[in-house]
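Contents: one structure, followed by commentary.
Rule-based calculations on the coordinates, nothing more; no lab input. Because the structure is a prediction, the values reported are computed rather than measured. Here the Cβ positions follow ideal geometry from the backbone for every residue, glycine too, while neighbour counts run over all protein chains shown.
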Amino acid sequence: MHAVQDQREYWADEFMLYWTQFGEAVTANVLFFLLWLSYRKQPAWKRVRKGFLFTVFLAVIIPQGLKLIFADFPRPWTVFPDAQNIPGLTKSFYKSFPSGHTAFATALAASWSSLALNKYQYPILMALVAFGVGYSRIHLHMHWLHDVIAGGLLGILCAYFGLKRAGYSQTS
């Protein structure tokens, strides 16, 4: 936390507020629409839709369920009350573990990199977007590093099980 906060540039706060939104529902809606545009006239659409929706479902339910279990885990704002406020950020003081934004962004990135047509997959770009969401959560004082790492691993697992449930395998 100190490594990020000690190097924090306050001009980047607004950028991070936007970047963190890649871990929210609007991103899933956009990706779902793009998948629909790509597959709507193909028989594969049913399986693609199923895989994406299972992944999104798991990436919402599991992190939020864990937040209920670990409800007393404080966020950085609680431990460092002197931290400078970030305009436009709604503070939350508990339910830090795991990072739901990071889990969701990672699950979306992993599922997109598996489901999109080959010419649109861009797995490295998607991984950078998900990594950026995790970093933004630390920058904005919303999560600790271990929350973000757990969220990333959870997102990968959600994508894995969501795609597996839809009938995808490593060779699909």
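Overview of results
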| read-out | value |
| --- | --- |
| Scan of the range 13-34 for residues that are surrounded by 14 or more Cβ atoms within 10 Å (Cβ to Cβ) and small (Gly, Ala, Ser), ordered by number | GLY23, ALA28 |
| Within the range 52-98, tally of residues that are over 30 Å from ALA166 (Cβ atoms), in contact with an Asp or Glu (Cβ under 6 Å, 6 or more places away or on another chain) and of a type outside the set (Gly, Ala, Ser) | 1 |
| Verdict on PHE97 being crowded, with 19+ Cβ neighbours inside 10 Å and not aliphatic (A, V, I, L, M) | yes |
| Every residue from the range 35-79 that is among the basic types (Lys, Arg), in a loop (DSSP other than H, G, I, E, B) and surrounded by 14 or more Cβ atoms within 10 Å (Cβ to Cβ) | ARG75 |
| Residues of the range 99-123 satisfying the condition of being more than 11 Å from the chain's Cα centre (by Cα) and over 19 Å from LEU163 (Cβ atoms) | LYS119 |
| The lone exception for MET126 - which of (1) of a type outside the set (Ser, Thr, Tyr); (2) farther than 19 Å from VAL60 by Cβ; (3) surrounded by 14 or more Cβ atoms within 10 Å (Cβ to Cβ); (4) free of Cβ contacts under 8 Å to residues at least 40 places away in the same chain it fails | (2) |
| Filter result for LEU17 (aliphatic (A, V, I, L, M), touching a residue at least 60 places away in the same chain (Cβ under 8 Å), under 23 Å from MET126 (Cβ atoms) and out of contact with any Phe, Trp or Tyr (no Cβ under 6 Å at 6 or more places or on another chain)) | yes |
| The lone exception for ILE62 - which of (1) within 18 Å of the chain's Cα centre (by Cα); (2) in contact (Cβ under 8 Å) with a residue 60 or more places away in the chain; (3) within 25 Å of TYR122 (Cβ to Cβ) it fails | (3) |
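Rundown of residues vs (1) closer than 11 Å to GLY151 by Cα; (2) of a type in the set (Ser, Thr, Tyr), yes/no style:
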site	(1), (2)
ILE62	yes, no
TRP77	no, no
ASP82	no, no
ILE86	no, no
SER92	no, yes
LYS95	no, no
